[in-house]
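To keep things clear, I will list the structure first and then write my remarks on it.
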Amino acid sequence: MTVRSIRARLTITLSASAAAVIALSFAASVALISAFLHHRDAGQLRSVAARLETGFTAIGATVIDERALRDPTANSVHTMLVTTAGPVGADGLDAGALTGLATAGPAEPVTVADRYLALGIDMRDRGLRYRAPDGVETPALRIVVFLDTADRRQTTLGIVTVIAGASTVAVAVFILLAVLIVGRGLAPLPAMAERAERVAAGDRTRRLPLGRGDPAIERLARTVNAAFDAQQDAEHRMRAFIADASHELRNPLTAATGWVELYLNGGLSDEGRLTDALQRVDNDLGRMRQLVDELALLARTDAGRPLEQQPVDLRAVAEDVVADLRVIAPDRRIRLEAESAVVLGDHARLSQALRNLVGNAVQHTPPDATITVTVGGSTGEHRIQVADTGPGIPPEHLPHLFERFWRGDPARTAPGGSGLGLSIVQSIATAHGGSIRVATGAGTVFTLTLPAFRHTEQVSAGGPGADP
């Protein structure tokens, strides 16, 4: 969606909403005005009818003439007397429609012939008679008070015209304000779009402009800039990762290639030297195979491919790892303090994580250091701790400890290490929904925390990402 379309849609939406509100207000105002005028006229009719009825009732049976029908207090209200001889006092109005007004006792005002608002009073039992100018008297049937609503319609029309004009002006002003406000509010977006296009074209140094005033646009710019920074950092990390991986693979590959070329050039005629050369080539190939396997594991866990999901007792894992270490390094002092702690996970990968932690402790501590493996936990989570009494890790190395191919001080780096061991531990912990922490000082403590297994959890023999 372009900036122009956003501006147009916002302007149209705001203008349409304002027009709808104003139109509803206009319709409500017209309805209220019409109802008010009708109520006013109806009240006037009731008042005149009540005075006439009260006056005629007070004097009892009597004879009236046309002058008695006129109410001097209501000039706009007309009075018509319906007698057995016909209507009297219609003054040239639509007497036929008014004569047909059906009434019986107290009545409410009704609209007649779409022009008059009339109210009838039944006078058949009142003994009232009408005396014509020629002296002839006739019985009165009913009195009809009415008024012509033309004036009311004219008044309503005038008010409606004024309100309609004011509403039109209000809508026009609101549309103009919407155009100005929306345009001003979206003004930073073209510059942001231009910067984003440059970044997409390859200029990774560009960032969206900040400080444009609007909090929402400011937040958007900061979020996009953070995404650009993260992308740039990921690209740098990827380039560094590829360079480090290439370097790690190049060293054993160069060594193995050198021995092979030496053999092909006849430099390994002695059987003893040939055997030694083949052993070195096998060692180099083994380093390459280990590195490729570790990279493949990291790629699988980074891609989120599921590991095998089975109940695993961390105590059994720790016992196996410690037993193997005591065979491989019989001179090292290692202690095991373990209780049963069952988690849901991949037994082989959890064993690999613990082997990496224990191997890291063996490689980077002096021979007289003690290594302690502790397994325990609580209802919600279980922990494996690998603690050593070595010299500890320098504080400046801690932020980089789990970076791939990162090595610390050469004095703490064992020959043949790939720099992926702790990265693999972190990746395995994350894949199991856990975490890895390190604390250092007088020695180092790595703590691997994993969610405890609940018997209601689903157990799977493996998934598409499970290793064979």
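Values quoted throughout were computed directly from the atomic coordinates according to the rules given, and no laboratory measurement underlies them. Source: prediction; values computed, not measured. In this analysis, Cβ positions are derived from the backbone assuming ideal geometry, glycine residues included, and neighbour counts consider all displayed protein chains.
The table below gives the values:
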| item | result |
| --- | --- |
| Listed peptides 138-144, 40-46 by packing density, highest first (mean Cβ within 10 Å) | 138-144, 40-46 |
| FRET efficiency for R40 and L157, using Cβ-Cβ distance with R0 set to 22 Å, rounded to 0.05 | 0.85 |
| Residues with amide H under 5 Å from that of G390, placed H, sequence gap 5 or more | T444 |
| Sites A299 and T254, calculated FRET efficiency, Cβ-Cβ separation with R0 30 Å, nearest 0.05 | 0.80 |
| Inter-centroid distance (Cα atoms) of segment 291-343 relative to segment 126-162, Å | 106 Å |
| ³J(HN,Hα) computed for each position of segment 283-289 - Karplus, 6.51 cos²θ - 1.76 cosθ + 1.60, integer Hz, glycine/proline x | 4, 5, 5, x, 4, 5, 5 |
| Per-bin percent of Cα-Cα distances, segment 285-402 [10 Å] | 12, 37, 38, 14, 0 |
| J(HN,Hα) series, segment 339-352, from Karplus relation 6.51 cos²θ - 1.76 cosθ + 1.60, nearest Hz, glycine and proline x | 10, 4, 8, 9, 10, 9, x, 9, 4, 5, 6, 5, 5, 4 |
| Inter-site label distance for A150 and A85 at 7 Å from Cα along Cβ, in nm | 2.9 nm |
| Segment 310-451, dipole about Cα centre (Lys/Arg Cβ +1, Asp/Glu Cβ -1), debye to the nearest 20 | 160 debye |
| Förster-model FRET efficiency, 56 Å R0, V292 and L210, C-beta, rounded to 0.05 | 0.80 |
| Stretchable slack from Q363 to H397, in nm (0.36 nm times residue separation minus alpha-carbon distance) | 10.6 nm |
| Amide H within-cut-off set for G377, under 5 Å, with H built and near neighbours excluded | R383 |
| Sorted by Cβ density within 10 Å, fewest first, the residues S378, S25, S15 | S378, S25, S15 |
